[in-house]
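Reviewing the structure listed below.
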Amino acid sequence: MIERRPVLDFVSHAVLILGVVIVAFPVYLAFIASTQTAREIATSHPMSLLPGGNLINSYQLALWGGKVEGGGTIAAGWPMLWTSFVMAMVIALGKIAISLLSAFALVYFRFPFRGLVFWLIFITLMLPVEVRIGPTYQVISDLKMLNSYAGLTVPLIASATATFLFRQFFLTVPDELAEAARIDGAGPMRFFKDILLPLSKTSMAALFVIQFIYGWNQYLWPLIVTTSEDMYPIVLGIKRAIFGEIYVEWNVVMATAILAMLPPALVVMLMQKWFVKGLVDTEK
Amino acid sequence: MEKRVRFKSAWLPWLLIAPQMAIVLVFFFWPAAQALYQSVLQEDAFGTSREFVGLANFERLFSDPGYLASFRITALFSALVAVIGISVALVLAVMANRVVRGATVYKTLLIWPYAVAPVVAGVLWLMMFASPWGVVSYALQAMGFQWNHLLNPNHAMALIVIAAVWKQISYNFLFFLAGLQSIPNAVIEAATIDGASPWRRFWTIVFPLLSPTTFFLLVMNVIYAFFDTFAIVDAATHGGPGKDTAILVYKVYYDGFKALDMGGSAAQSVVLMAIVIVLTVFQFRFVEKKVQY
């Protein structure tokens with residue numbers, strides 16, 4: 001703070017509080033809706049802003065599914081949460097693993113076509129899954145990977161940003177460490193495992209947070225590679241609950257939405273330090 | 001910077017890059033090549049016959065009013081998302097950078113929407129604008145404003161812009177805050193001693209020093225609006241009313257997987273690839289080398 005300006009301080013706090021309220025309000029409403037019954041939501045104009053008494057029922061339906069008054073059936077969300085979790089973990093850990101290995105190769109070895117390899121990885125930045133969905137779907141279909149964890153995760157695992165992040169980090173590791181390791185008779189993999197990996201822990205943790213969220217929130221890709229319900233991640237469960245139904249069970253939709261956002265939101269809140277580092281490092 | 005010390009092995013480096021190369025070649029380059037190849041083919045609906053048609057798919061695409069409309073929609077959508085999202089986040093970041101008490105609390109409370117899936121953002125705002133019981137649409141009605149995103153294209157556009165901005169604010173906020181905190185205090189202090197008001201200091205010193213961050217965010221927000229908002233559109237408006245909120249990515253998906261026009265969808269993919277390439281080049285040319293004014 002440079003100078004004391006009480007009015008400006010007041011304005012700052014007011015603006016920030018307003019910002020926090022706007023950011024939080026939709027989620028508050030979602031929670032409120034999940035505590036009411038579908039009928040309560042649809043018949044009160046506007047919907048009540050105070051909690052109702054249907055919390056347990058809404059979440060039971062969202063987690064384990066079942067029949068509802070309107071006659072429709074709700075699919076169980078529990079298996080979808082599990083699919084999302086596996087998918088997010090495989091994508092996050094897979095990206096970290098293959099990026100560590102390729103960054104190690106790029107930094108600590110000289111081999112033919114090293115430059116070409118570097119550029120091939122770089123170009124993947126320009127090929128997000130959204131622009132190649134049609135043909136990538138065909139490849140997955142030809143490889144018989146539809147409706148499998150492999151199909152859900154493998155095409156999303158390669159990551160230029162993660163590779164560059166580790167490459168950047170390895171370049172700052174002092175040469176003396178590799179020299180010492182070599183003098184001690186350690187081979188490259190020994191050096192990688194005993195020296196480089198422990199040093200990279202911070203970067204790995206930061207990257208994990210970002211990639212877990214990325215994996216958990218994937219939508220378009222699961223939408224096309226999964227056709228069987230038992231491979232749907234939770235984000236698709238939400239879509240299914242609002243489309244094709246004549247009568248939307250908003251309380252269950254909102255309970256599902258809360259369940260879908262809880263794990264990544266917790267990861268961000270609990271690992272805030274790593275999250276910020278991961279975000280800034282991977283994007284720059 | 002190059003390493004002085006290197007390990008020697010003829011096969012180990014290849015083994016190390018093999019997993020990444022396998023994925024990159026099979027799931028990135030092969031499909032991208034397929035998209036290029038398909039974009040010059042005409043396939044009948046049953047996939048039984050193919051014919052080389054040159055650039056006909058592209059000609060068809062760019063003479064299709066629906067596609068050109070989708071271009072305009074995407075341009076408008078991403079401009080609104082980027083400008084509104086960046087402005088709001090900048091105000092919040094400047095305020096958060098000012099306050100001493102509670103700065104961490106504000107930061108924590110403002111960054112978590114990053115973790116919310118786009119589809120959830122879409123559904124949350126859809127509920128708030130649902131007629132007639134949605135909280136916001138009801139409030140608008142009470143003020144004499146008839147909200148109907150199912151029929152009014154402007155309302156539908158507003159709905160997806162609000163949801164997309166809401167989700168992106170945390171991202172912009174974090175980068176602006178990091179940018180603000182890297183501005184040396186001495187510069188601001190010197191200006192204060194010279195008698196510059198906070199308002200003047202912001203526009204003559206702080207804002208220019210933030211220009212690299214702003215430019216970076218502009219590119220990232222456009223990329224976000226183009227590619228990461230599919231789920232918002234799919235959940236909130238389904239591309240409607242009519243095709244009034246069908247952004248380019250939505251159209252690729254719709255034409256390829258719903259209308260089964262593979263050649264047209266592939267041509268659209270190629271156009272999108274060209275857009276990403278331009279954006280990426282921009283990002284690296286200007287952002288990596290830091291825009292300096």
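Could you bin all the Cα-Cα distances of the range B:74-149 into 10 Å bins starting at 0 and give me the percent of pairs in each, rounded to whole numbers?
With 10 Å bins starting at 0, P(r) equals 16, 29, 38, 17, 1.
Along the Cα-to-Cβ line of B:Asn185, 7 Å from the Cα, sits a label point; which residues in the range B:202-221 have backbone N less than 11 Å from it?
The answer is none.
Kindly list the residues of the range B:91-120 that lie in the label zone of A:Ile22, defined by a backbone N under 15 Å from the point 7 Å along the Cα-to-C-beta vector.
B:91-96, B:110-111, B:113
Please list, ordered by chain and number, the residues whose modelled amide H lies under 5 Å from the amide H of B:Leu41; skip anything fewer than 5 residues away on the same chain.
Residues meeting the amide H criterion: B:Val53.
Dipole magnitude of the range A:124-274 about its Cα centre, charges +1 at Lys/Arg Cβ and -1 at Asp/Glu Cβ only, in debye to the nearest 20? Please list the in-between numbers first.
Values: 10 positive and 11 negative charges, 21 e Å.
In debye, rounded to 20, the range A:124-274 gives about 100.
So for the range A:1-40, what percent of the C-alpha to C-alpha distances run longer than 12 Å? Show your work: numbers first, answer last.
Numbers: 535 of 780 pairs.
I get 69 percent for the Cα pairs in the range A:1-40 exceeding 12 Å.
Can you give me the accessible area per residue for the range A:1-92, using a 1.4 Å probe, in Å²? All intermediate terms of the calculation are to be shown ahead of the outcome.
Numbers: 4940 Å² over 92 residues.
Averaged over the residues of the range A:1-92, the accessible area is 54 Å².
Within chain A, what is the longest stretch that has no GluC sites (Glu not before Pro) placed in a DSSP loop and near at most 13 other beta-carbon atoms within 10 Å? Can you show the working numbers first?
Values: sites that count: A:Glu3, A:Glu69.
Between exposed loop sites, the widest span is A:70-284.
So for the pair B:Leu260, A:Ala14, with labels modelled 7 Å out along Cα→Cβ, what separation do we get in nm?
Between B:Leu260 and A:Ala14, the simple spin-label model gives 6.1 nm.
What are the radius of gyration and Dmax of chain B, computed over its Cα atoms and given in Å?
Cα only, chain B: 23.7, 78 Å (Rg, Dmax).
Indicate the helices, whole DSSP H runs only, in chain B that combine a mean Kyte-Doolittle hydropathy of 0.5 or more with a Cα extent along their long axis of 24 angstrom or more.
Working: long enough: B:65-98 (49 Å, 1.60); B:153-181 (41 Å, 1.04); B:262-282 (30 Å, 2.05).
Span-like helices, by this rule, are B:65-98, B:153-181, B:262-282.
Label B:Thr204 and B:Gln146 with points 7 Å out from Cα along Cα→Cβ: what is the distance between them in nm?
5.3 nm
Mind listing the phi-derived Karplus ³J(HN,Hα) values for the range A:144-151, rounded to whole Hz, using 6.51, -1.76 and 1.60 with θ = phi - 60°, and x for any glycine or proline?
Once rounded to whole Hz, the list reads 6, 10, 5, 6, 9, 4, 4, x.
When each pair of different Cα atoms in the range B:58-189 is counted once in the 1/r mean, what is the Kirkwood radius in angstroms, to one decimal? Each step should come with its number before you reach the end.
Numbers: mean 1/r = 0.0579 Å⁻¹.
Taking the inverse mean of 1/r over all distinct Cα pairs, the range B:58-189 comes out at 17.3 Å.
Find, to one decimal place in angstroms, the Kirkwood hydrodynamic radius of the range A:110-212, where the mean of 1/r is taken over every pair of different Cα atoms and then inverted. Could the numbers behind the result be given before it?
Values: mean 1/r = 0.0605 Å⁻¹.
Value: 16.5 Å, from the Cα pair sum.
Among all lysine pairs in the range A:181-284 that are eight or more places apart or on different chains, how many have alpha carbons less than 23 angstrom apart?
Values: A:Lys193/A:Lys201; A:Lys201/A:Lys273; A:Lys201/A:Lys277; A:Lys201/A:Lys284; A:Lys273/A:Lys284.
Lysine pairs, 8 or more places apart or on different chains, close enough: 5.
Mind giving me the FRET efficiency for A:Glu176 and A:Ile123? R0 is 25 Å, r the Cβ-Cβ distance, nearest 0.05 is fine.
Numbers: r = 34 Å, r/R0 = 1.37.
Given R0 = 25 Å and the Cβ-Cβ separation, E is 0.15.
Kindly identify chain A as rounded, prolate or oblate by the Cα gyration tensor criterion: order the square roots of the eigenvalues as a ≥ b ≥ c, call it rounded if a/c is under 1.5, otherwise compare a/b with b/c, prolate if a/b is larger, else oblate. Can you show the working numbers first?
Values: a/c = 2.71, a/b = 1.52, b/c = 1.79.
Because a/c hits 1.5 or more and a/b fails to exceed b/c, chain A counts as oblate.
Choose one answer from A:Ile91, A:Ile32, A:Ile242: the residue with the largest mean-square fluctuation in a GNM of chain A with alpha-carbon springs under 10 Å.
A:Ile242
Could you work out how far apart the two model spin labels at A:Phe243 and B:Ala75 are, taking each label as a point 7 Å from the Cα in the direction of the beta carbon, and quote it in nm?
Those two pseudo-labels are separated by 2.8 nm.
Starting at the first residue of the range A:78-85, write each ³J(HN,Hα) from the Karplus equation 6.51 cos²θ - 1.76 cosθ + 1.60 with θ = phi - 60°, in whole Hz, x for Gly and Pro.
4, x, 5, 4, 5, 4, 4, 5
State the answer as a single residue: which of B:Gln38, B:Gly85, B:Ala56 lies farthest towards the positive end of the charge dipole of the range B:1-91, with beta carbon charges of +1 for Lys and Arg and -1 for Asp and Glu, about the Cα centre.
B:Gly85
Under the Karplus relation 6.51 cos²θ - 1.76 cosθ + 1.60, θ = phi - 60°, what is the ordered set of whole-Hz ³J(HN,Hα) values for the range B:49-58, x standing for Gly and Pro?
10, 10, 8, 6, 10, x, 8, 4, 4, 5
Would you kindly calculate the translational diffusion coefficient of the range A:125-168, applying Stokes-Einstein with the Kirkwood radius from alpha carbon pairs, for 20 °C and a viscosity of 1.002 mPa s, and quote it in µm² s⁻¹ without decimals? Intermediate results must be reported in sequence, preceding the final value.
Numbers: Rh = 11.6 Å.
Translational diffusion coefficient: 185 µm²/s.
Under 5 Å between amide hydrogens, which residues at least 5 positions from A:Thr35 or on another chain qualify, with H placed 1.01 Å from N in the peptide plane?
A:Gly52
Given the options B:Ala121, B:Ala186, B:Ala235, which has the most mean-square fluctuation in a GNM of chain B, springs set between C-alpha atoms less than 10 angstrom apart?
Maximum fluctuation in the GNM of chain B, among the listed residues, is at B:Ala186.
For the pair B:Leu68 and A:Ile183, what calculated FRET efficiency results from E = 1/(1 + (r/R0)^6), where r is the Cβ-Cβ distance and R0 = 60 Å, to the nearest 0.05?
On the way: r = 66 Å, r/R0 = 1.10.
Calculated value: 0.35.
Would you mind estimating how fast the protein assembly as shown diffuses translationally, via Stokes-Einstein at 10 °C and 1.306 mPa s with the Kirkwood radius over Cα pairs, in µm²/s?
Values: Rh = 25.6 Å.
The estimated diffusion coefficient comes to 62 µm²/s.
Considering only B:Ile193, A:Met126, B:Asn152, whose Cα is most displaced toward the positive end of the charge dipole of the protein assembly as shown, charges sitting on Cβ of Lys, Arg (+1) and Asp, Glu (-1)?
Highest projection toward the positive end goes to B:Ile193.
With a ≥ b ≥ c the root eigenvalues of the C-alpha gyration tensor of the range A:1-108, is it rounded (a/c under 1.5), prolate (a/b larger than b/c) or oblate?
Working: a/c = 4.74, a/b = 1.08, b/c = 4.39.
Oblate, since a/c reaches 1.5 and b/c is not below a/b.
Considering just Cα atoms, how many Å³ per residue does the convex hull of the range B:103-249 enclose? If you can, show how the numbers build up before the last one.
Working: hull volume 21.4 nm³, N = 147.
Once divided by residue count, the hull of the range B:103-249 is 145 Å³.
From the convex hull of the Cα coordinates of the range A:171-284, what is the mean projected area in square nanometres?
Values: hull surface 42.4 nm².
So the mean shadow area of the Cα hull is 10.6 nm².
Can you tell me how much longer the chain between B:Ala178 and B:Tyr37 gets when fully stretched, taken as 0.36 nm per residue apart minus their C-alpha distance, in nm with one decimal? Intermediate results must be reported in sequence, preceding the final value.
Numbers: separation 141, 0.36 × 141 = 50.76 nm, distance 4.38 nm.
Difference between extended and current length: 46.4 nm.
Tell me the volume per residue, in Å³, of the convex hull enclosing the alpha carbons of the range B:141-225. All intermediate terms of the calculation are to be shown ahead of the outcome.
On the way: hull volume 11.9 nm³, N = 85.
Hull volume normalised by residue count: 140 Å³.
Compare A:Met271, A:Met231, A:Met80 in a GNM of chain A, Cα atoms joined below 10 Å, and give the one with the largest fluctuation.
A:Met271
Which of the trypsin sites (Lys or Arg not before Pro) found in the range A:112-152 are in a DSSP loop and have at most 16 neighbouring Cβ atoms, other than their own, within 10 Å? Don't skip to the end; give the middle numbers.
Numbers: sites: A:Arg114, A:Arg132, A:Lys144; in loops: A:Lys144.
The qualifying sites are A:Lys144.
Among rounded, prolate and oblate, which fits the range A:79-140 when a ≥ b ≥ c are the square roots of the eigenvalues of its C-alpha gyration tensor, a/c under 1.5 means rounded, and a/b larger than b/c means prolate?
The shape class here is oblate.
What do you get for the angle between helix A:6-34 and the principal long axis of chain A? Use alpha-carbon atoms, 0 to 90 degrees, nearest ten.
70 degrees
Name the chymotrypsin sites (Phe, Trp or Tyr not before Pro) in the range B:44-122 that are in a loop by DSSP and that have at most 10 other C-beta atoms within 10 Å, would you? Write down the numbers at each step before the final one.
Working: sites: B:Phe46, B:Phe52, B:Phe58, B:Phe62, B:Tyr67, B:Phe71, B:Phe77, B:Tyr106, B:Tyr114; in loops: B:Phe46.
Those that pass, being in a loop and sparsely packed, are B:Phe46.
Please get the size of the charge dipole for chain B, origin at its Cα centre, with Cβ charges of +1 on Lys and Arg and -1 on Asp and Glu, quoted in debye to the nearest 20. Write out the running numbers ahead of the final one.
Numbers: 19 positive and 14 negative charges, 236 e Å.
So the dipole magnitude of chain B works out to roughly 1140 debye.
Please give the charge dipole size of chain A, origin at the Cα centre, charges +1 on K and R Cβ atoms and -1 on D and E Cβ atoms. Round to the nearest 20 debye. Could the numbers behind the result be given before it?
Working: 19 positive and 17 negative charges, 91 e Å.
Taking the Cα centre of chain A as origin, the dipole is about 440 debye.
The values are calculated or read from the model by the stated rules, or taken from the named source; none is laboratory data. It should be emphasised that the depicted structure is a prediction, and the values quoted were computed from it without experimental measurement. Backbone-built Cβ (ideal geometry, glycine too); neighbour counts: all protein chains shown. Side chains included, ligands, DNA and RNA excluded: accessible areas come from the protein's heavy atoms. Shrake-Rupley method; radii C 1.70, N 1.55, O 1.52, S 1.80 Å.
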